[in-house]
1. Going toward the positive end of the dipole of the stretch B:30-315, with +1 on Lys and Arg Cβ and -1 on Asp and Glu Cβ, which of B:Gln285, B:Ser112, B:Leu192 do you reach last?
2. Any chance you could list P(r) for the protein assembly as shown, counting all Cα-Cα pairs in 10 angstrom bins from zero, rounded to whole %?
3. When only C-alpha pairs under 8 Å and at least 6 residues apart count, what is the relative contact order of chain A, in percent?
4. Simple spin-label model, 7 Å along Cα-to-Cβ: A:Glu167 to A:Arg193 in nm?
5. Given the options B:Thr88, B:Thr288, B:Thr65, which has the most mean-square fluctuation in a GNM of chain B, springs set between C-alpha atoms less than 10 angstrom apart?
6. For chain B, set up a Gaussian network in which alpha carbons nearer than 10 Å are linked by springs, and say which option among B:Ser101, B:Ser119, B:Ser256 fluctuates the most.
7. Rounded to the nearest whole Å², what accessible area per residue is found for the protein assembly as shown with the 1.4 Å probe?
8. 7 Å along Cα→Cβ for the label point: how many nanometres lie between B:Thr89 and each equivalent label in the other copies, listed shortest first?
2 protein chains.
Amino acid sequence: MSKYITSSNGQQDETDYFPEGFVQLQNPNIELMDQDILYHLGLGSESHDLIEMFGDVKFVCMGGTPKRVEQFANYIMEEIGHKLPTGTTLQDISRYSYRYSMYKVGPVLSISHGMGIPSVGILLNEVVKLMHHARVQDPIFFRIGTSGGIGVEGGTVILSEEAVNDELEPCYELSVLGKKVRRPAKLDKKLLRELKSLHHKEDPYETVTGKTMCTLDFYEGQGRLDGAFCHFTEAEKMDYLQSLKKEGIVNIEMESLAFAALTHAAGIRSAIVCVSLLDRLKGDQIHTPKEVLDEWQMRPQQLVARYIKRYLQMKGRISFDKTCGAFTCGGLCSNGIESGMCKEICQKAG
Amino acid sequence: MSKYITSSNGQQDETDYFPEGFVQLQNPNIELMDQDILYHLGLGSESHDLIEMFGDVKFVCMGGTPKRVEQFANYIMEEIGHKLPTGTTLQDISRYSYRYSMYKVGPVLSISHGMGIPSVGILLNEVVKLMHHARVQDPIFFRIGTSGGIGVEGGTVILSEEAVNDELEPCYELSVLGKKVRRPAKLDKKLLRELKSLHHKEDPYETVTGKTMCTLDFYEGQGRLDGAFCHFTEAEKMDYLQSLKKEGIVNIEMESLAFAALTHAAGIRSAIVCVSLLDRLKGDQIHTPKEVLDEWQMRPQQLVARYIKRYLQMKGRISFDKTCGAFTCGGLCSNGIESGMCKEICQKAG
């Protein structure tokens, strides 16, 4: 099996792909360094035992804000029935970097990436190196985000088929030593289909797929009329958004291009699951009450949690008890009862 | 007096400049809106009395991390002798946005901008609108940052003469409705000279001026050999960095271009004061101990604090008592003693 990865001259090279292998770095220098300081994570390959700390990671879930990723860490802990030792609580692993927040819940890392391509780009470089140093095998990366929908209602869950730049090309361009390098912003098609299949008929919202446009600017760059600067009319804005819709763009956000391109270049399977906070064909400002927005932002988390649960279940790392609806992980069900005892006891407890 | 500001067609327009006026928005739509929600600040023009809350602001100081701007808020409070009412403490005004942190100390706002052009760009759009809504007059914006030096030692303070993109043009390019718009990334020359003059002979570090290069990527984009991806040699990297030095680039960071261009387009005087964390001609990774880095990061804060103190002193808003070395603000010196009484009492206290 092979797939295209990046090269420095902007061409696509065909290279081996390691679906069940360790994360390979596209940089021969790292192995020659005495230590590798992951500056923005507050970690280092010599100062920390990265294999011991992170060797069991399978899923890396990223979201914009420290708050959201802390929330996801607690949510996935509940969902997979992961138990912390008595008298302990989750702690932000990167708290001394003051840049990103990182929580670990068994096989799941939950990390904030801030806003925009540069911020998620720094994080991805360091997390890919972290996966390599920790000898993690075939991790799966998710971006769990918010976005502006194009012709879809607020609250809709959107799975990205590919990320495109503001010229609608599925390509992340960066300048390396003064020369432009272009990297394909591809996402894993199989992962996308699997996620799509986890939408439930009874979910009170739609889950759609389409292209995601990634911009460097939130206001003018997304055709908003409400920034500090605006030199176009509402009609010009609407023409532009309608032209995006015709091209198959279903949402706009600010991180997908680097997320897709850098995970693809690293040979890491990845998916982007966003909720739409509003339909940009109907407005620019977000007037929806905070409680509703909070509920909407749980929806991509729920979909990703379903995937993670199903994966762990298939691998025998958690088992589902139909009676009590609780998952068991590490010998305990999510009610804290020993595996095997679960069904009987939970039946009695109702 | 006039200066060039932006236009939607990518050309420079000459327009009036209001050095002592209110902040004018380059967007006629804002005045027609019932309310303006500053989503990423957690503020709104109807939900908050922005004139009452922010009308007395004169200085907006931005830095990368929530930690650094909280530290600056406490530092400037001490420096200008600003007293909080008994039993109160500073609180992050934007804490419910989960995006940026904002502290207010009398006439000074201290706000985190995150990493990269998109993140500082969102913030600047909303802070410029905040200045407008609050009817702030002629505010001065500072970016207080960290950077990689080119041919300057770690710990050197660098004042940006202008910000340039990765093609070495002093120009911030963004895509608006699918068309490229270019904005001059100009900084205020007088403010630069004033800041430069505030370097003290006895400061145990140099303060230099030069061009600042702004990149979208921290690793390959800045010619680093230690990212997850690297397809160039050390010799190619060194050739590139030397070519930057020849062009007058003294440091590289990730926000200056949008900071300079958007403040300039808004008619707001601004300056960028960074410390160099390392000389990139000597390496890529930051090995300096945390305590030393913490001391270095105080240096740009000290320079900006000197400017703010001198400004407030000249405007009669604080006065300097040579005997005790404390500034008085709002009738109290920084030892908490009433103005006028200060000299005598502090002399007695030694």
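The values are calculated or read from the model by the stated rules, or taken from the named source; none is laboratory data. Everything quoted here is computed from the prediction, not taken from an experiment. Don't worry about glycine lacking a Cβ; one is built from the backbone with ideal geometry, like all the others, and counts go over all protein chains shown. Note: accessible area is taken over every heavy atom of the protein model, side chains too, but ligands, DNA and RNA are not part of it. Shrake-Rupley method; radii C 1.70, N 1.55, O 1.52, S 1.80 Å.
1. B:Leu192
2. P(r) over the protein assembly as shown, rounded to whole percents: 3, 14, 25, 26, 19, 9, 4, 1, 0.
3. 22 percent
4. Result for the modelled spin labels: 3.2 nm.
5. In the Gaussian network model the winner is B:Thr88.
6. The residue with the greatest mean-square fluctuation here is B:Ser119.
7. 41 Å²
8. Going from nearest to farthest copy, the values are 1.6 nm.
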